[in-house]
1. Between a first residue in segment 146-174 that is within 19 Å of LEU30 (Cα to Cα) and a second residue that is modelled with pLDDT of 80 or more and of a type in the set (Val, Ile, Thr), which pairs have beta carbons less than 6 Å apart while being 6 or more apart in sequence or on different chains?
2. Could you list, in sequence order, the residues of segment 195-223 that are of a type in the set (Gly, Ala, Ser) and not in a loop (DSSP other than H, G, I, E, B)?
3. Would you say TYR22 is of a type in the set (Ser, Thr, Tyr), touching a Phe, Trp or Tyr at 6+ places or on another chain (Cβ under 7 Å) and crowded, with 16+ Cβ neighbours inside 10 Å?
4. Write out, first by first residue and then by second, each pair whose Cβ atoms fall under 6 Å of each other, whose residues are 6+ apart or on separate chains, and whose first residue, in segment 22-44, is closer than 15 Å to PHE164 by Cα while the second is among the polar types (S, T, N, Q) and surrounded by 13 or more Cβ atoms within 10 Å (Cβ to Cβ).
5. Is it the case that segment 9-27 has a residue that's basic (Lys, Arg), assigned to a loop (DSSP other than H, G, I, E, B), in contact with a strand residue (DSSP E or B) (Cβ under 8 Å, 6 or more places away or on another chain) and within 19 Å of VAL150 (Cβ to Cβ)?
Amino acid sequence: LGVMTYRHYRSAMWRESDGRYYLKADENILKKWLPALTRYDFFTFRKNIEIEWTHEWPTEKFAGKNVIFFVRDPRDALYSRYRRENPDMSFTEFIAFPEPVSLLNKIDNWRLFTECWLSHDHCMIARFEDYKKDARGLLERIANYLDLEVEAGQLDKAATESTFAKAADAEGRYKIEHPEDKQLINRSGNPGNWKELAGERCVIADIEFKTGSLMARLGYETEGFGEVSGPVGYMPNTRLLSFFDKLIHMPRTEFAGDDETLFDYVMNFAKNIDKSMIEKAGLAGYEARLLIGSISEFIYKFSAESERRLGNLVEHGADRNSYFIELYRATRNARYLTKVSPGHLIGSIIKRHICI
C-alpha cells in the first residue's frame with residue numbers, strides 16, 4: 001500500500017537515496033516477518049503517513065497519535081508466545097515468571113498492557129482472528145480509519161501477499177541464508193490453538209478468570225472454566241516501580257490499594273531467584289538486567305516507605321514509649337539487610353553467569 005513502516009525509529013530501519021528506501025543490513029532479520037522485504041530491493045512510500053509498529057507500552061510519545069491496537073485472544077496470545085520463546089519450563093511456570101519491567105505475571109501483564117492501550121484516546125481495535133478470517137476486510141477498515149486512499153486492487157494484492165504461507169516461505173529463505181537462527185517465528189497461528197493445552201486447564205481457567213471481562217469487551221467467548229473477574233488492582237507494583245510513571249493511560253481500576261497477594265508474589269520471587277531460574281526462562285542479557293533492576297527498585301522503595309512510616313511513629317511516641325525507638329532501629333537495620341542481600345545475590349548471578 002506504499003506506507004512506510006518501521007520499529008523504534010525510521011532511520012534505524014531505512015536508508016534513503018533519491019526517493020527510494022532500502023532496508024538497512026542490521027534489520028535483515030525482519031525478512032522473517034515481512035515477506036515483501038525478501039521480494040523487493042527498494043521501496044517508495046507515501047509522503048503523508050508513517051506507521052511505527054511496537055510492543056511498547058503507551059508513553060508520552062504516543063499521545064495524540066492514531067493507534068491500531070492489534071490484539072489476540074489472551075489464551076492463544078500467551079500460548080503462542082510460550083511456543084515462540086520456547087523456555088525450558090512448563091506453560092504454568094512460564095505464566096508465573098514475572099515480566100522484567102512490571103514484575104507482573106504474564107496474565108496480569110497482558111491484561112494491564114491491553115487496558116492501557118484501550119484507554120488511548122484514538123485507538124482502533126484490530127483482532128488477529130478477524131485478520132485470519134477476512135484479511136482484506138480488516139485492511140479496508142484500517143485504511144478507512146487512517147483516511148488512506150487505496151484502490152480495490154491494492155487491497156487485494158496486499159492481502160494476498162501477506163498470508164501465512166507467504167510469510168513462512170520468506171522465513172524459510174531467510175534461514176537458508178542464516179542457518180544459525182533456530183527460532184521459528186511464523187507458525188500456523190490458528191484461533192483456538194490454546195486447546196492443545198489439555199493438561200494445563202488450570203492455567204486457562206486462571207486466564208479466563210483474570211481477563212474474562214476484557215475478553216468479553218473484545219468479543220472473545222470464555223469456556224466457563226471459572227467466574228469472570230471484575231475490576232482489579234496492580235499495586236504495589238504501579239506505585240513502587242518508576243516504569244509505570246512513564247505511562248499516559250493507566251486504567252482507573254489500578255487505584256484500588258495494595259494487593260497483598262501481589263506483594264507476596266514479588267517478594268517470594270526475589271527471595272528464590274537464582275541462576276537456574278534465569279537460564280530456564282531463557283532471558284536475554286538485557287532482559288535479566290531489567291528484571292534485576294525492577295526487583296531492586298521494588299525492595300528499596302518499599303523498605304524506604306516502611307522506614308518513613310516507622311519514623312513518624314518514633315516522632316509521635318518518642319517522649320512516652322521507648323518501644324517505638326527500638327522498633328524503628330530494628331526495622332532500619334532490617335531494611336539494609338533486605339536491600340543488600342537480594343542485590344548481592346542477583347548481582348552475583350548476573351556477573352558470573354550472564355553475558356551483558
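The values are calculated or read from the model by the stated rules, or taken from the named source; none is laboratory data. Quantities reported herein were computed from a predicted structural model and do not represent experimental measurements. Cβ placement follows ideal geometry from the backbone for every residue including glycine, while neighbour counts extend to all protein chains displayed.
1. Filtered contacts from segment 146-174: ALA170/THR38; ARG173/THR38.
2. Those that are of a type in the set (Gly, Ala, Ser) and not in a loop (DSSP other than H, G, I, E, B): ALA198, GLY199, ALA205, GLY212, SER213, ALA216.
3. Values: of a type in the set (Ser, Thr, Tyr): yes; touching a Phe, Trp or Tyr at 6+ places or on another chain (Cβ under 7 Å): yes; crowded, with 16+ Cβ neighbours inside 10 Å: no.
For TYR22, the condition - of a type in the set (Ser, Thr, Tyr), touching a Phe, Trp or Tyr at 6+ places or on another chain (Cβ under 7 Å) and crowded, with 16+ Cβ neighbours inside 10 Å - is not met.
4. Cβ pairs passing all conditions: LYS31/THR38.
5. Within segment 9-27, none of the residues are basic (Lys, Arg), assigned to a loop (DSSP other than H, G, I, E, B), in contact with a strand residue (DSSP E or B) (Cβ under 8 Å, 6 or more places away or on another chain) and within 19 Å of VAL150 (Cβ to Cβ).
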